[in-house]
Amino acid sequence: MSDSVPETEIPAEAVEALQAYDPAAPAPLNVPRTPTGNAEVDDGLERLADADHLATDGHLEVYEDVHRGLRDALTALDARPGPPAPPPSHRQAPSPAYHQSRS
């Protein structure tokens with residue numbers, strides 16, 4: 001009885017696949033992107049899809065671009081004028097100076 005393990009031949013296709021495998025190569029994440037209804041936010045979500053086609057070292061540029069766009073969209077919300085102030089619902093009492101001038 002022999003303790004040696006018989007050598008088996010690896011198919012050429014498997015060898016090629018192993019040699020071609022690059023863990024840093026672009027690979028789509030296939031993350032679903034649900035539209036929000038806000039055009040600026042939706043554009044940012046679509047921009048994230050660009051990272052699917054880039055090597056890992058290219059993701060940072062995409063993420064920073066999307067972050068900048070989202071930050072700008074939030075800042076724009078603060079800059080928009082709000083609704084007009086409602087009229088006072090009660091009558092204000094005249095100031096004390098009003099009473100003194102009438103005496």
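Rule-based calculations on the coordinates, nothing more; no lab input. Values in this document were obtained by computation on a predicted structure and should not be read as measured data. Methodologically, a virtual Cβ is constructed for each residue, glycine included, from the backbone with ideal geometry; neighbour enumeration extends over all protein chains shown.
Charge dipole of segment 42-91 (Cα centre as origin; +1 on each Lys and Arg Cβ, -1 on each Asp and Glu Cβ, all else neutral): 700 debye, rounded to the nearest 20.
Please list, in order, the residues from segment 46-77 whose amide nitrogen is less than 20 Å from a point placed 7 Å along the Cα→Cβ vector of Asp22. The answer is 50-62. Here each label is just a point 7 Å from Cα along the line to Cβ, and for Asp78 and Glu9 those points are 7.0 nm apart.
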